[in-house]
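Just below is one structure, and these are the notes that go with it.
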Amino acid sequence: MKQDIILSGVGGQGILSIATIIGEAATQAGLDLKQAEVYGMSQRGGEVQSNLRLSDRPIASDLIAVGTADMILSLEPMEALRYVTYLNRDGWVINFFLAF
């Protein structure tokens, strides 16, 4: 089993919190986890992205290569578009729209 997930959004939406929750659940389930994060402007509204690689076998790298991601989980539609080239042919884009 292997899942490569890109979480994307902008500062203040909780991308890093979501990554932490998924990572903790994967670790408790006994999966190998590698995580890498990219911060845009370190303030509300800047780009935030996290690579999550989960597997039942050892993982060598924490980065997801172009064309290999299984899923893009996004809280901002434009940020999902930024990473769409990373999806594999059968990959999914899941965009959550948050309205307050």
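Listed here are the strands (runs of 3 or more DSSP E) enclosed by the chain that have at least 3 residues being touching a Phe, Trp or Tyr at 6+ places or on another chain (Cβ under 9 Å), hydrophobic (A, V, I, L, M, F, W, C) and open to solvent by less than 60 Å² (accessible area, probe 1.4 Å): 69-74.
Conditions tested, residue by residue: (1) touching a Leu at 6+ places or on another chain (Cβ under 6 Å); (2) without any contact (Cβ under 8 Å) to a residue 60 or more places away in the chain; (3) not small (Gly, Ala, Ser).
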| residue | (1), (2), (3) |
| --- | --- |
| Glu47 | no, yes, yes |
| Arg57 | no, yes, yes |
| Ser61 | no, yes, no |
| Ile64 | no, no, yes |
| Asp70 | no, no, yes |
| Leu73 | yes, no, yes |
| Val84 | no, yes, yes |
| Leu87 | no, yes, yes |
| Ile94 | yes, yes, yes |
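The values are calculated or read from the model by the stated rules, or taken from the named source; none is laboratory data. Note that the structure is a prediction, hence the values are computed from the model and not measured. Heads up, the Cβs are rebuilt from the backbone with ideal geometry, glycines too, and the neighbour counts pull from every protein chain shown. Ligands, DNA and RNA are stripped out before the accessible areas are found, and what is left, the full protein with its side chains, is counted by its heavy atoms. Shrake-Rupley method; radii C 1.70, N 1.55, O 1.52, S 1.80 Å.
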